[in-house]
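These notes concern the structure reproduced below.
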Amino acid sequence: MAERKPWGGRFEAATDARVEAFTSSIDDDRHIALDDVTGSRAHARMLQETGLISAAEGADLERGLTQVEQELQDGSFPWRAELEDVHMNVERRLGELIGPAAGKLHTARSRNDQVATDARLYARRMLTRIGDALGALQAALLEQAEAHVDTLLPGYTHLQRAQPVRLAHHLLAYFEMFDRDRERVGQILGRLDRSPLGSGALAGTPHPIDRARSASLLGFSESTTNSMDAVSDRDYMVEALAAASLSMVHLSRWCEELVLWSSSEFGFCIIDDAFTTGSSMMPQKKNPDVAELVRGKVGRVIGAQVSLLVTLKALPMTYNRDMQEDKPPLYDGLETWARSLEVSAAMAPAVRYRPEAMRAALSEGFVTATELADYLVTKGVAFREAHEIVGRLVARCVADGRRLDELSAEELAGHDPRIDADASSWLDPEQAVERRDLPGGPARDRVLTALAEARARLIRGQA
Ligand code: ARG
């Protein structure tokens with residue numbers, strides 16, 4: 001006969017083997033196994049301090065939990081499939097290690113507040129790691145930006161050459177995206193900073209426990225305020241996966257650009273061998289697989305967010321077993337996000353930009369056409385009319401296969417008499433960038449200020 005479960009008193013027959021397999025969360029629980037020990041340790045200590053268990057029982061539990069932790073870490077923990085989840089596996093193992101005191105650990109606790117605590121500890125751990133990875137990626141982008149203040153390239157809209165910018169300015173745009181991601185991580189960490197331990201199954205416990213004490217032992221600032229909400233609140237998981245989805249979308253944009261820029265068609269950068277792979281068939285290939293894979297993992301993370309939301313939708317109060325399905329997407333979403341960020345932070349310094357190729361791209365595509373229109377505005381021409389005048393000039397150049405800066409002063413004046421000899425300086429990309437001397441703009445001094453400000457923000461965020 002199958003082993004009786006800890007809740008066995010109510011049951012006469014053993015669980016059907018198929019039910020056992022279907023309801024088990026053991027395969028997923030390895031992610032929170034150590035957090036489970038951490039939660040139990042704090043609970044046991046609180047029980048002892050409040051006199052709910054004896055000092056000897058407390059010492060036995062501490063000793064047993066240390067041993068369990070060791071076994072989990074070195075892989076020798078004897079997981080038993082029939083015990084459904086990590087909570088009961090740990091409790092059973094404690095019984096083997098320390099005897100009857102193990103039975104006291106679940107005093108004033110339910111698996112509902114226990115798993116709610118474990119999952120928060122896990123999320124806190126992962127979000128902290130993710131915040132660090134975001135900071136590392138930002139630092140790498142910032143360093144590249146600092147090295148490329150004087151590298152000019154066409155800025156793009158619609159993937160068409162639009163206006164000249166500094167590479168530093170371009171890279172700082174990504175810095176800003178990841179900075180918002182990091183800020184979001186901090187906000188989520190702030191909201192999940194409450195301990196659900198002591199909420200019991202849903203209605204607390206009659207025993208005189210000290211919730212503030214277990215909260216503080218676990219490093220939470222305070223306890224949750226409603227026991228029913230506490231055992232069924234998964235908001236922070238949804239928020240974390242929403243932040244993950246958005247951040248992965250940001251990563252995908254950066255990676256997409258690396259794929260484009262490292263192609264022969266663009267030639268704007270070279271990704272070091274260490275972050276590319278070859279083709280098994282075509283000897284000449286050097287593929288940006290890391291960038292492609294990060295881009296590809298976005299679907300998985302957005303899928304995790306959708307999966308979690310659908311699981312939670314319309315659940316009645318309070319804990320329902322459906323909530324066991326909240327954790328696989330949480331684990332997969334956060335692990336994927338963390339690993340994508342970490343490999344991206346490592347890859348960022350391995351991107352070598354090619355200022356000459358960027359410079360060459362600047363000379364094609366009429367990137368200073370807007371400048372010429374703005375020049376006419378300084379001569380008193382309405383912008384709409386100036387736009388029309390320059391548009392016709394560009395059309396003529398396209399037809400003749402010429403560039404704007406190849407036109408002589410006479411040809412320019414011939415097109416419109418208000419285009420004087422001083423117009424030619426407006427066709428120089430360098431000067432075009434320098435005229436954009438406004439807060440948030442790409443002029444050299446503005447970019448230097450932005451770099452210093454970004455550096456200070458990064459240091460503040462990492463403090
Ligand atoms: N494996 C469960 C989960 O992840 C643990 C909590 C089970 N609680 C219960 N009352 N069955 O949600």
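The values are calculated or read from the model by the stated rules, or taken from the named source; none is laboratory data. What you see is a predicted model, and the numbers here were worked out from it, not measured in a lab. Here the Cβ is made from the backbone with ideal geometry for all residues, glycine too, and neighbour counts use every protein chain on show. Accessible surface areas use protein heavy atoms only, side chains included; no ligands, DNA or RNA. Shrake-Rupley method; radii C 1.70, N 1.55, O 1.52, S 1.80 Å.
Using beta carbons and a limit of 7 Å, which pairs, at least six apart or on different chains, have the first residue in region 63-86 and under 17 Å from Ile98 (Cα atoms) and the second one assigned to a loop (DSSP other than H, G, I, E, B)?
Val68/Phe77; Glu71/Phe77
Assess whether Ala136 counts as being under 34 Å from the mean Cα position of the chain (by Cα), open to solvent by 20 Å² or more (accessible area, probe 1.4 Å), of a type in the set (A, V, I, L, M, F, W, C) and away from the ligand (no atom under 16 Å from the Cβ).
yes
When region 302-327 is examined, which residues are found to be more than 14 Å from the ligand (Cβ to nearest atom), in a helix (DSSP H, G or I) and open to solvent by 30 Å² or more (accessible area, probe 1.4 Å)?
Across region 302-327, the qualifying residues are Ile302, Gly303, Gln305, Val306, Ser307, Leu309, Val310.
Could you list, in sequence order, all residues of region 263-295 that are among the small types (Gly, Ala, Ser), open to solvent by 20 Å² or more (accessible area, probe 1.4 Å) and touching a residue at least 40 places away in the same chain (Cβ under 8 Å)?
Ala274
Of the numbered conditions (1) open to solvent by 40 Å² or more (accessible area, probe 1.4 Å); (2) under 30 Å from Ala201 (Cα atoms); (3) part of a helix (DSSP H, G or I), Val231 fails exactly one; give the number of that condition.
Here Val231 meets the rest and fails (1).
Looking at Gly200 and the list (1) at positive phi; (2) within 16 Å of the ligand (Cβ to nearest atom); (3) open to solvent by 30 Å² or more (accessible area, probe 1.4 Å), which single condition is not satisfied?
All conditions are met except number (3).
Being touching a helix residue (DSSP H, G or I) at 6+ places or on another chain (Cβ under 8 Å) and under 28 Å from Val367 (Cβ atoms) is true for just one of Leu137, Leu172. Which residue is that?
Leu172
What about Val433, is it touching a Pro at 6+ places or on another chain (Cβ under 9 Å) and of a type in the set (Val, Ile, Thr)?
Judged against the criteria, Val433 is a match.
Pull up region 72-84, narrow it to residues that are buried (at least 20 other Cβ atoms within 10 Å of the Cβ) and farther than 14 Å from Val37 by Cβ, then point me to the one that is farthest from the ligand (Cβ to nearest atom).
Applying the filter and picking the extreme gives Leu83.
Hey, can you tell me all the residues within region 344-360 that are surrounded by fewer than 18 Cβ atoms within 10 Å (Cβ to Cβ) and hydrophobic (A, V, I, L, M, F, W, C)?
Answer for region 344-360, where residues must be surrounded by fewer than 18 Cβ atoms within 10 Å (Cβ to Cβ) and hydrophobic (A, V, I, L, M, F, W, C): Ala346, Ala350, Ala357, Ala360.
Within region 112-130, how many residues are open to solvent by less than 10 Å² (accessible area, probe 1.4 Å) and away from the ligand (no atom under 16 Å from the Cβ)?
Counting residues in region 112-130 that are open to solvent by less than 10 Å² (accessible area, probe 1.4 Å) and away from the ligand (no atom under 16 Å from the Cβ) gives 3.
Out of the residues in region 97-111 that are of a type in the set (A, V, I, L, M, F, W, C) and more than 16 Å from the ligand (Cβ to nearest atom), which is most open to solvent (accessible area, probe 1.4 Å)?
The residue in question is Leu97.
From the list Gly365, Gly299, which residue is part of a loop (DSSP other than H, G, I, E, B) and either open to solvent by 10 Å² or more (accessible area, probe 1.4 Å) or farther than 30 Å from Tyr122 by Cα (or both)?
The conditions single out Gly365.
Taking the condition of being more than 14 Å from the ligand (Cβ to nearest atom), open to solvent by 20 Å² or more (accessible area, probe 1.4 Å) and under 32 Å from the mean Cα position of the chain (by Cα), how many residues in region 17-49 meet it?
3
Before we move on, is Leu330 assigned to a helix (DSSP H, G or I), modelled with pLDDT of 95 or more and not acidic (Asp, Glu)?
Against the criterion (assigned to a helix (DSSP H, G or I), modelled with pLDDT of 95 or more and not acidic (Asp, Glu)), Leu330 qualifies.
Among the residues that make up region 50-67, is at least one of them open to solvent by less than 20 Å² (accessible area, probe 1.4 Å), away from the ligand (no atom under 15 Å from the Cβ) and in contact with a strand residue (DSSP E or B) (Cβ under 9 Å, 6 or more places away or on another chain)?
no
For residues that are closer than 25 Å to Phe220 by Cα and open to solvent by 10 Å² or more (accessible area, probe 1.4 Å), scanning just region 86-96, find the one that is nearest to the ligand (Cβ to nearest atom).
That would be His87.
Ala147 is checked against (1) crowded, with 24+ Cβ neighbours inside 10 Å; (2) away from the ligand (no atom under 16 Å from the Cβ) and fails just one. What number does that condition carry?
Checking Ala147 against (1) crowded, with 24+ Cβ neighbours inside 10 Å; (2) away from the ligand (no atom under 16 Å from the Cβ), the one that fails is (1).
Here are the criteria: (1) touching a helix residue (DSSP H, G or I) at 6+ places or on another chain (Cβ under 7 Å); (2) free of Cβ contacts under 8 Å to residues at least 60 places away in the same chain; (3) under 28 Å from Thr370 (Cα atoms). Tell me which single one Leu152 does not satisfy.
Status for Leu152: all satisfied but (2).
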